[in-house]
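Student: Take a look at this one; I'll ask things after.
The values are calculated or read from the model by the stated rules, or taken from the named source; none is laboratory data. Bear in mind that the values here come from a model prediction, so they are computed numbers and not experimental data. Quick reminder, even Gly has a Cβ in these numbers, built from the backbone with ideal geometry, and neighbours come from all protein chains shown.
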Amino acid sequence: MKYTVEIYCDNAAFEEEPAREIVRILRHVADKLAWEYVPPDVLFFNDLNGNRVGRAVYSEEERPTRRMRSPAFRAGWPTENAPVTASEEK
């Protein structure tokens, strides 16, 4: 399952204090979710001026699987297929 919130911040309500307007919208989304046992498939929301600026979408989409990297790769150690630099040949 996946819940995505999109907020478009390109209008007057976001000019002076964009963070405050974003927080107000996210609180609206949180309040809506707190009072409903099952989130709506799509929840549209407006800015302080009444303009529709985004939506929250609930979907059954599965999480994409990622290929896990080895601890050696994360540490920056050379792996079997990695090219060897001149400093590593010595």
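Student: State yes or no: is P39 surrounded by 12 or more Cβ atoms within 10 Å (Cβ to Cβ), modelled with pLDDT under 90 and in a loop (DSSP other than H, G, I, E, B)?
Tutor: Details: surrounded by 12 or more Cβ atoms within 10 Å (Cβ to Cβ): yes; modelled with pLDDT under 90: yes; in a loop (DSSP other than H, G, I, E, B): yes.
Taking the combined requirement at face value, the residue satisfies it.
Student: Oh, and also: Which pairs turn up if I take residues in the stretch 8-35 that are of a type in the set (S, T, N, Q) and look for partners that are outside any loop (DSSP other than H, G, I, E, B) with beta carbon separation below 8 Å, at least 6 apart in sequence or on another chain?
Tutor: N11/V53
Student: A further question follows. Hey, among the residues in the stretch 1-16 that are surrounded by 11 or more Cβ atoms within 10 Å (Cβ to Cβ) and in a loop (DSSP other than H, G, I, E, B), which one's nearest to the chain's Cα centre (by Cα)?
Tutor: My answer is Y8.
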